[in-house]
Amino acid sequence: MVRQGSQDRFLLLRDGVYYYWRRVPKVVVDLDGRVPLIRQSLKTDDLAKARACRDILEEADNVLWASMLTHARTDAAMAAHKVARARAEALGFAHRPAVEIAQLPIEDLVRRLTAISDARRPMAVETAVLGGVDRSVKVSEAFDIYCNEIAAVEIVGKSEEQKKSWKKVKRYAVEAFTKVVGEDLAMDDITRDHAKKMHDHFKGLIAPKDAKADKKSASLGKRRLGDMSILYKRYYAHIGVEGRPNPFDGLSFNQKFKKRRLPFPIEWVRDVILKPGALAGMNDDARHIVFVCIETGARPIELRYLRKDRIKLDDKVPHILVEPSFDPDEPHEVKTVSSVRRIPLVGVALEAMKLHPDGFPRYRDTGNTLSQTVNKFLKENKLQPTGKETLYGFRHTFEDRLKEGRIDDELRKILMGHSIDREKYGSGGSLKLYQEELMKIVYPFDPAIV
């Protein structure tokens, strides 16, 4: 039988012998020759020994699959750690950092010291048994391991642009920590004092003593400290060190007010943005994305990633599909599960999409270029009522229009891609219903603006 508990994952007991029994993930099934199942005898009837062997094989497979997905070079420090751990395990000891070994019972320490007392044993084995390798892994190196190995499977569905953005944001925390403490510390050397120093740094940015100084948001400090806490926790779990106190635990900031993007007033969009000639100087792709955003409420990134197979212009109810792509050549994620949705094309959005049956390749993989182009144009042409509205504000205006049109609350959430906090029943309604409701709030427009 396969033992199902988390402690006994991937273990199969057959004829009194334990086996490592694991299915190869679908994302690497074409890369790993051991498909569909890995079956390996652990040559023991002792559950404790089987678990220990399973942990080694599980870790090795996780790293192997992550490397397959990212084509990443295993960091030299991590490679040294794995060699040390393997040697320690060969002697019958699980590898631990020195700080933990120092706290072991005296009989365990004696056994380890006895194991390395043979002068013929290489220094590498001695280092492994006494836990001396981890100290060389710097925060920056641990971050690379986190990106290339620990989180590799989690981000495999992202586009290259999304991966770069994800890594860039995560790296900010490491850079801030290194700057605050003054060096790229070894992971083992991080103390609570270092974590508090980072917390104090952001506290000074959020609530500066100088009343005239620019203030940073509490969410910024919360995010940076949270990312360091996650890096610390997941790195040590990755190398098999469980229960290590996290120096970043409990260090965060409460945010009373969340900064939100300003919507364009409903009348402003009708009378100013959709006025003939208002957006004439904007390039066609950007202008048409604005029009689609106005009448669908879709996020700009959702429109940038549209492909031909998700643009249904010839259906009875013309619409677009917002969903992730699992194409290995062009993968991308959506923000949340609830973001997957169908949105009817009405009014100016339908006319704009007719000119782009294959989507908007000009902006598909260009990061913030679309927003920068649109926002710069709006600013230079005085098309922002307060000077602070951005492209994303059209999405907020769309929700305001749904409310003003007394559109059902649940349908509003479906169209916006927001979560519905109750058990889901049925299909959520027909596209025809969605179309009829959107026609209640559709903007009039001059076809010449398209």
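Only residues that are surrounded by 13 or more Cβ atoms within 10 Å (Cβ to Cβ) and either out of contact with any Phe, Trp or Tyr (no Cβ under 7 Å at 6 or more places or on another chain) or under 13 Å from D61 (Cβ atoms) (or both) were counted in region 36-46, giving 2. The criterion of being buried (at least 16 other Cβ atoms within 10 Å of the Cβ), out of contact with any Gly (no Cβ under 6 Å at 6 or more places or on another chain) and among the basic types (K, R) holds for R287.
When restricted to residues that are over 30 Å from T390 (Cβ atoms) and part of a loop (DSSP other than H, G, I, E, B), region 229-276 contains 13. Select from region 311-357 the residues that are part of a helix (DSSP H, G or I) and modelled with pLDDT of 95 or more and list them in ascending order. Of everything in region 311-357, those that are part of a helix (DSSP H, G or I) and modelled with pLDDT of 95 or more turn out to be G347, V348, A349, L350, E351, A352, M353, K354.
Taking region 277-290 as the range and being in contact with a Lys or Arg (Cβ under 6 Å, 6 or more places away or on another chain) and assigned to a loop (DSSP other than H, G, I, E, B) as the test, only L279 passes. In region 173-194, the count of residues that are charged (D, E, K, R), surrounded by fewer than 19 Cβ atoms within 10 Å (Cβ to Cβ) and under 23 Å from the mean Cα position of the chain (by Cα) is one or more.
Counting the residues of region 167-224 that are part of a helix (DSSP H, G or I), among the hydroxyl-bearing types (S, T, Y) and farther than 19 Å from F143 by Cα gives 1.
When only residues in region 374-422 that are β-branched (V, I, T) and either touching a strand residue (DSSP E or B) at 6+ places or on another chain (Cβ under 7 Å) or crowded, with 20+ Cβ neighbours inside 10 Å (or both) count, which is nearest to V269 (Cα to Cα)? This residue is T397.
Kindly evaluate I239 against the criterion of being in contact (Cβ under 8 Å) with a residue 40 or more places away in the chain, over 30 Å from H396 (Cα atoms) and among the hydrophobic types (A, V, I, L, M, F, W, C). Yes. Kindly provide the set of residues from region 4-49 that are touching a strand residue (DSSP E or B) at 6+ places or on another chain (Cβ under 8 Å), in contact (Cβ under 8 Å) with a residue 24 or more places away in the chain, farther than 23 Å from G240 by Cβ and part of a loop (DSSP other than H, G, I, E, B), ordered by number. Within region 4-49, just D45 meets the criteria. Would it be correct to say that T390 is among the hydroxyl-bearing types (S, T, Y) and modelled with pLDDT of 95 or more? So T390 passes the test. Within region 429-450, work out how many residues are without any contact (Cβ under 8 Å) to a residue 24 or more places away in the chain and within 26 Å of K275 (Cα to Cα). Residues flagged as without any contact (Cβ under 8 Å) to a residue 24 or more places away in the chain and within 26 Å of K275 (Cα to Cα) within region 429-450 amount to 1.
For first residues located in region 263-282 and under 13 Å from L378 (Cβ atoms), partners that are in a loop (DSSP other than H, G, I, E, B) and charged (D, E, K, R) and lie 6+ apart or on another chain with Cβ distances below 8 Å form the pairs F264/E389. Within region 361-385, work out how many residues are at pLDDT 95 or above and not in a helix (DSSP H, G or I). Number of matching residues: 5.
When each of S419, S427 is tested for being at pLDDT below 95, of a type in the set (S, T, Y) and closer than 17 Å to V317 by Cα, the lone residue that passes is S427.
The values are calculated or read from the model by the stated rules, or taken from the named source; none is laboratory data. These figures come from a predicted structure and were not determined experimentally. Neighbour counts run over all protein chains shown; Cβ positions are idealised from the backbone, glycine included.
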